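The values are calculated or read from the model by the stated rules, or taken from the named source; none is laboratory data. In this text, all values refer to a predicted model and were calculated from it rather than measured experimentally. Methodologically, a virtual Cβ is constructed for each residue, glycine included, from the backbone with ideal geometry; neighbour enumeration extends over all protein chains shown. Side chains are part of the model used for accessible areas, which takes the heavy atoms of the whole protein and leaves out ligands, DNA and RNA. Shrake-Rupley method; radii C 1.70, N 1.55, O 1.52, S 1.80 Å.
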Amino acid sequence: MVTQGAPRSLLRDRSFVLSLLTVLGMLLAMAGTWLPGDGLAAITIPALALVYLAGGLPAGWRAVSALWRDQVLDIDLLMVVAAVAAAAVGAPLEGAVLLTLFSVAGTMENRALGRARHAIEALMALRPETALRKSASGAVEEVPAAALEVGDIVVLRPGARVPTDGTISLGHGGLDEANITGESMPASKGPGEPVFEATVNLDGVLEVTVTRSVGESTIARMIRLVTEAQAARAPSERFSAWFGQRYTIAVLIGAVLAFAAFYWLNGDWKPALYKAATLLVAASPCAIVISVPAAILSALSAAARGGVLFKGGAALETLAAVHTFAFDKTGTLTTGQAAVTQIVALDGDEAGFLSLLAGLEAHSEHHVATAIRREATKRGIDPVAVNKVTARPGAGITGHDDLGTVWAGNTYLAEAMGAPVDAARLQALTDGADTVIYLGRGDSVLGAVSVADEARASSGPALAALRASGVRRIVMMTGDRRAVALRIGAELGFDPDEIHAEMLPEDKVQGVARLGEMGRVAFVGDGVNDAAALARADIGIAMGAAGSEVALQAADVALLSEDMRQLADAHGIARRAATIIRQNLIFAIGVMMVLVIAGLFFDLPLPLAVIGHEGGTVLVVLNGLRLLSNPGRRAARGAVSRRSRSSTGKRASDWS
C-alpha cells in the first residue's frame with residue numbers, strides 16, 4: 001500500500017477525508033438495505049456510488065499512474081479489479097465492503113508509518129528561530145538563527161536553546177542534551193567544550209563561538225542521515241518490493257485461470273467471476289510487502305530518538321547479524337580525557353620541553369594532544385610557534401620551527417625518524433602502564449611524557465550487555481603499548497588474548513579482515529586513524545558527537561553521545577527488528593495461504609476475505625510499530641543485571 005506524506009491535521013489529510021467519505025457511504029448503503037421499495041434505490045445506489053468513487057477511484061488512479069509511470073503493477077490494482085468484479089456479478093455491496101476496509105486500512109497504515117517515518121523530523125520544531133549575536137563592539141542583537149556564520153559569538157541565557165553547534169568561550173552551565181544524545185542527565189560544560197543545536201542551557205549565561213552554520217549543524221545532519229537512511233532500502237525491503245511486483249502479476253494470472261476453471265466446471269460466469277474476485281483479495285500480498293518497511297522505519301526512528309543514527313536499513317539488518325565486535329581504545333572505550341602524569345626532558349629544561357611539545361600538539365585534535373596542551377596551560381607555559389604540521393595517523397605528528405623539523409609520537413614514529421630511544425633515561429616512563437609520547441628533533445629524542453587515560457563509566461556495562469545478548473567475540477585494538485592496553489582491558493573485563501596493542505591503522509584493517517573470516521564483524525572507533533577499519537568492517541560504528549568527521553563519513557552507524565550503552569541498545573533494536581520482520585513475514589504468508597485455500601476449495605465470502613486481508617495488513621504494521629516503544633535499553637540493562645547475579649564461563653576468543 002502507498003505510504004507517503006507527512007503527518008498533518010486530520011481535516012487536511014486527503015486520505016483521511018476520503019476514508020471518512022467511504023465509511024459514510026458504506027453506512028448509508030447498509031442503512032438503505034433496510035428500507036423497502038423506492039427507499040432502497042434512493043439511498044443505496046448513491047451511497048454505493050460514493051463508496052466506489054471515494055474508495056476506488058484514488059486507488060485506481062494510483063494503480064494506473066504506477067503502471068504508466070514506472071511500468072509496474074501496483075497492489076492497489078488487485079483491490080480495484082476485485083471490487084469492480086463484485087459489482088459486475090451483482091454484489092456491489094460486497095465490493096463496497098472491500099473498498100471501505102481497504103481505504104480505512106490504508107489510512108491507518110499511512111498515519112502509523114508516518115509516525116515512524118517522521119518522528120525524527122519533530123526535532124525541527126525544537127530549533128530556535130532567532131539567536132542573540134554579540135558584535136565585536138560588545139553589543140548584543142537578536143538575529144535569525146539562519147544568519148549565523150562560523151566564528152560568530154552567541155549569548156545564551158538560562159532556558160535558551162542553542163541556535164547552532166558551537167564551542168563555549170565564556171561561562172559554565174548545565175545543558176540538557178536529551179534531544180541529541182538521548183542522555184537524560186544534564187551535562188555540565190565550560191570553556192572549550194562543545195554544545196549542540198536544539199539543546200537547552202539550563203543555568204548560567206554562556207558565550208558560544210559558532211563552529212557550524214545551521215545548515216551543517218548536528219540537527220541538520222541528523223535529519224539528513226535519517227532521510228537518507230529511510231530512502232536506502234535494506235536487502236529484505238528490496239526483496240519485498242521485488243516479490244510484490246512479480247507476485248501481483250502472478251495473482252492476476254491466477255485469478256484469470258481460476259475464473260476460466262470455475263466457469264468450465266459450472267458453466268456460469270457470475271459465480272466464477274465472484275470466486276476469482278475473492279481469490280484476488282485473498283492472495284493479495286499487501287501484508288507481505290508492508291511487513292518489512294513497517295519494522296525498518298520504526299526501528300530507525302526509535303534508534304534516532306535514542307541517539308543512534310543508522311545510515312540505512314541495510315546497516316540495521318547487518319548489525320542484527322553481528323556476533324563479533326572490535327573496539328578502538330582511546331576515545332571509544334576510554335574517555336579520551338587524558339592527563340599528563342610524568343615529564344622527562346633529557347636536557348633538564350622541562351618548561352622548554354613542554355613549550356615545544358605543546359606548540360606542536362596545538363595542531364592536533366588527538367586526545368593526548370589535548371592533555372598536553374591542558375598541562376602547559378596549567379603551568380602557565382606558552383607554546384612555541386610550529387608550522388608546516390603534518391599528521392601521521394597511528395604514529396604521531398611532525399612540523400617545523402625556527403630550528404628545523406620537530407616531531408612527537410609513539411615508538412613507530414621515533415623509528416621512522418631514525419631516532420634511537422634512550423631506554424635507560426626514559427625507563428621510568430616506558431616501564432609504566434601509561435601512554436608514552438616522545439618528542440624529537442630530526443634524528444634525536446628530546447624527551448618524553450606519559451599520559452594516562454581512564455575507561456568510560458559506560459564502557460563496562462555496555463560490553464557486559466553485548467556479551468549477555470549473545471555476542472560471541474569482543475576484542476580491543478589500540479596503537480598504545482601493551483602495558484597500557486592491558487591496564488584498561490583488565491578494568492573492562494577483557495582477557496589478555498582479547499587485547500591487541502601497538503597496532504598501526506593498517507594492522508587494524510588486517511585484524512578486522514581476519515575477524516571477518518569467522519562471521520560478520522562490527523568495528524567501533526572515533527578517530528581519523530579508525531576510518532580505514534570502520535570502512536573495512538561489515539558495519540562501522542562511530543562515536544558521533546565525540547568522533548571525527550572522517551570517522552562519521554566512513555561509519556554505517558553513529559552514536560551521538562559518549563554513552564557506550566547506546567551501542568548495546570542499538571544492537572538490541574536491530575535484533576528486535578530482525579525478529580519482528582520474521583514474525584510479520586510468517587504471519588502474513590500464513591494468513592494469505594489460509595485465505596487462498598479457503599477461497600479455492602471452500603465457499604469463502606468476499607467480505608470475509610477482505611477482513612482477513614486488511615486485518616492481517618494492519619496487524620503487521622502495528623507489530624512493526626512496537627519498535628517505537630524501544631524497550632531495548634531496558635532489556636539490555638536487565639541482561640546485565642541477570643549476568644551480575646549469575647556465573648558465566650570463560651569467553652571464547654578465537655582471534656589471533
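For the range 579-618, the set of residues classified as assigned to a helix (DSSP H, G or I), more than 40 Å from the chain's Cα centre (by Cα) and of a type in the set (Phe, Trp, Tyr) consists of 601 only. Residues that are buried (at least 16 other Cβ atoms within 10 Å of the Cβ) and of a type in the set (Lys, Arg) do not occur anywhere in the range 379-391. Residues of the range 131-151 that are surrounded by fewer than 20 Cβ atoms within 10 Å (Cβ to Cβ) and part of a loop (DSSP other than H, G, I, E, B): 135, 136, 137, 138, 139, 149, 150, 151. The set of residues in the range 324-374 being open to solvent by 10 Å² or more (accessible area, probe 1.4 Å), without any contact (Cβ under 8 Å) to a residue 40 or more places away in the chain and over 19 Å from residue 421 (Cα atoms) consists of 351, 352, 355, 362, 363, 364, 370, 373, 374.
Scanning the range 192-212 for residues that are open to solvent by 10 Å² or more (accessible area, probe 1.4 Å) and outside any strand (DSSP E or B) returns 192, 193, 196, 202, 203, 204, 205, 211, 212. Can you tell me how many residues in the range 362-406 are of a type in the set (A, V, I, L, M, F, W, C) and touching a Ser or Thr at 6+ places or on another chain (Cβ under 8 Å)? The number of residues fulfilling the criteria is 8. Taking the range 405-423 as the region of interest, how many residues are within 18 Å of residue 435 (Cα to Cα), aliphatic (A, V, I, L, M) and in a strand (DSSP E or B)? Selection size over the range 405-423: 1. Being of a type outside the set (Val, Ile, Thr), in contact (Cβ under 8 Å) with a residue 40 or more places away in the chain and in contact with a His (Cβ under 9 Å, 6 or more places away or on another chain) is a property that residue 470 has. Within the range 6-25, being part of a helix (DSSP H, G or I), at pLDDT below 80 and open to solvent by less than 70 Å² (accessible area, probe 1.4 Å) holds for 15, 16, 19. Quick one: how many residues across the range 439-466 are without any contact (Cβ under 8 Å) to a residue 40 or more places away in the chain and over 28 Å from the mean Cα position of the chain (by Cα)? Within the range 439-466, residues that are without any contact (Cβ under 8 Å) to a residue 40 or more places away in the chain and over 28 Å from the mean Cα position of the chain (by Cα) number 5. Within the range 176-191, one or more residues are of a type outside the set (Phe, Trp, Tyr), touching a Ser or Thr at 6+ places or on another chain (Cβ under 7 Å), at pLDDT below 85 and in a strand (DSSP E or B). Counting only residues that are touching a helix residue (DSSP H, G or I) at 6+ places or on another chain (Cβ under 9 Å), farther than 30 Å from residue 561 by Cα and of a type in the set (Gly, Ala, Ser), the range 420-469 holds 5 of them.
Only one entry in 98, 67, 77 is at pLDDT below 75, surrounded by fewer than 19 Cβ atoms within 10 Å (Cβ to Cβ) and not in a loop (DSSP other than H, G, I, E, B), namely 67.
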